[in-house]
Amino acid sequence: MKPDRKSKLYVHLLFWILYYILEVYLDFYWSRYQFPDAEWQTRLQNTVLLEFGYLLIKMPMAYALLYVYEKSGIRKFLNSIFYCFIIVAAVLAHRFFTHYIIYPHIYGVVETLDGKEPSGFINGLVVFNSFMDLIFLAGLIFGVEITRQKNVLKEQFSQLKAEKLDQELTMLKAQINPHFLFNTLNNIYGMALKKADETPDVILQLSKVMRYNIYEAAERYISIDKDVENIRDFLQIQQIRHHDLVIRFNEDIDHPSQEISPLILIQFVENAFKHGVSETLGQSFIHIDIQLKSGILHYHIENSKEEKPHGNSTKIGLKNIRRQLELLYPKHILTVESTSDRYIVTLIIDLNDSSRF
């Protein structure tokens, strides 16, 4: 059974149970004044029986009306005629059951108006009472069904929105990984041409980093200790490539298993090398501080840069990172400063308040 049909079945089943209980209670309470000499057990038995009979009339009417309502392709004029036909038929069935079955066979009396004059099968007041009873039910069932449909649509919209954001996030991540891979492979190629002794170490570290990017980073969330370890591996590759690079890496993490979206933090490190450290002619540096206390992450990066950097290519990388943060951690705080000799990035995230779409 489809989820929507299953939801509809449960909602409508609950509605009819509650409606039946309500009608039994109201009619049983009314019978105290209509038949004061009857025992309560008899009155309750009669009420349960007659309300069940009414239910056999009301349920077909309710679903016939819903069927016409759902089939919006029918012309309005024909739609209105069918509505009137269903209601008139239901009122006549309601009157027949009340006048010829309930009063003579269940109550054992003749149906009267206000307990005085006998009532005929068709009478303005009794017809109006039957009509109002049925219309009240129709309003209830329409309200329940429309509310249910709105909730289903809302849930479907939320699911589609989450899938769209998930696809967008996957695309944003995919834009980062190939860049790092191609750049590192080019550097390994250059080192191989020079027959550098560090070439095997760089290949080994690259293999470890790519294994993380392909397998570990495929998860929606991962423990922060694994993500930090990936940053260390990345820095080791860069340290081998840049012999004069000064790296300072500090971490203070109180909960290593705290979950975080993978590849968020390392993108700032990649950006630092792409647009800062690798362009510095003199001694380059990168300082990284990671602090996690009670689910609050403070991430700080400073890296060297040339006084006159080439172009404005940093904007593309930062735009990508900002969009990922907007999707994953809407309440994050990110500041990026640029001085004459360095870039400074500060990121604050409440990892307990992620947007898990």
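Looking only at residues in segment 145-203 that are exposed (fewer than 15 other Cβ atoms within 10 Å of the Cβ) and outside any helix (DSSP H, G or I), the one that is modelled with the lowest pLDDT is Gln175. If I ask for residues that are touching a residue at least 24 places away in the same chain (Cβ under 8 Å) and within 15 Å of Thr42 (Cα to Cα), which ones from segment 84-109 would you list? Residues satisfying the conditions are Ile102, Ile106, Tyr107. Taken as a whole, segment 249-265 holds no residue that is at pLDDT below 90, within 19 Å of Asn187 (Cβ to Cβ) and assigned to a helix (DSSP H, G or I). The selection criterion, being in a helix (DSSP H, G or I), under 27 Å from Arg342 (Cβ atoms) and touching a residue at least 12 places away in the same chain (Cβ under 8 Å), does not hold for Asp225.
When we screen Lys76, Lys116 for residues that are more than 21 Å from Phe35 (Cα to Cα), surrounded by fewer than 11 Cβ atoms within 10 Å (Cβ to Cβ) and modelled with pLDDT under 90, the only hit is Lys76. Being in contact with a Phe, Trp or Tyr (Cβ under 8 Å, 6 or more places away or on another chain) and surrounded by 18 or more Cβ atoms within 10 Å (Cβ to Cβ) is the filter; apply it to segment 235-249 and report the residue that is nearest to Ile266 (Cα to Cα). Step by step, filter segment 235-249, then rank; the result is Leu235. Once segment 17-27 is narrowed to residues that are at pLDDT 90 or above and surrounded by 15 or more Cβ atoms within 10 Å (Cβ to Cβ), the residue that is nearest to the chain's Cα centre (by Cα) is Tyr19.
The values are calculated or read from the model by the stated rules, or taken from the named source; none is laboratory data. Worth saying up front: this structure is predicted, and the values here are computed from it rather than measured. Please note: Cβ atoms are built from the backbone with ideal geometry, for glycine as well, and neighbour counts cover all protein chains shown.
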